[in-house]
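**Q** I have a structure I would like to understand better, so I am pasting it below and will then ask my questions one at a time.
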Amino acid sequence: MRGDFLDKLQSKRLSYRRFKETDLEDLFNILGDPVVCQYLPGSEVYTKEQVGKWLNYFIKSFNADKQHYIYAVTQKESDKVIGYCGCAYIDEY
């Protein structure tokens, strides 16, 4: 039941869902943009290979038992990824 709720988050214009492998291009368009990256840790533009690693991490680490949820934020009408959000436990802290 809890998993069902986690897969059905949405607002009026946006949907929040788990990442899929097919999201690579959309995610690369975001993380490969220097304007976006200036606000991210490290502030360097990500390569497609780095974005692929992030995407795999987002997909594999989504886990209710460990309270780790990274969502793809998509436009409802197109399912295009326009960002990401979530909460995660960070081991270092």
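The values are calculated or read from the model by the stated rules, or taken from the named source; none is laboratory data. Predicted model, so just to flag it, every value in this text is computed and none were measured. Methodologically, a virtual Cβ is constructed for each residue, glycine included, from the backbone with ideal geometry; neighbour enumeration extends over all protein chains shown. Ligands, DNA and RNA are excluded from the accessible area calculation, which covers all protein heavy atoms including side chains. Shrake-Rupley method; radii C 1.70, N 1.55, O 1.52, S 1.80 Å.
**Q** Give the residues of segment 1-42 that are aliphatic (A, V, I, L, M), open to solvent by less than 60 Å² (accessible area, probe 1.4 Å) and modelled with pLDDT of 90 or more, sorted by residue number.
**A** If the condition is that a residue be aliphatic (A, V, I, L, M), open to solvent by less than 60 Å² (accessible area, probe 1.4 Å) and modelled with pLDDT of 90 or more, then L14, L24, L27, I30, L31, V36 are the ones that fit.
**Q** Filter segment 27-45 for residues that are touching an Asp or Glu at 6+ places or on another chain (Cβ under 9 Å) and under 21 Å from A88 (Cβ atoms) and give the result.
**A** C37
**Q** Also, quick follow-up: Go through the residues of segment 61-70 one by one and say whether even a single one is farther than 22 Å from K8 by Cβ and surrounded by 10 or more Cβ atoms within 10 Å (Cβ to Cβ).
**A** no
**Q** Report, ordered by the first and then the second residue, all pairs with beta carbons closer than 6 Å, sequence separation of six or more or different chains, a first member in segment 22-40 that is assigned to a helix (DSSP H, G or I), and a second member that is crowded, with 16+ Cβ neighbours inside 10 Å and hydroxyl-bearing (S, T, Y).
**A** What qualifies is L31/Y46.
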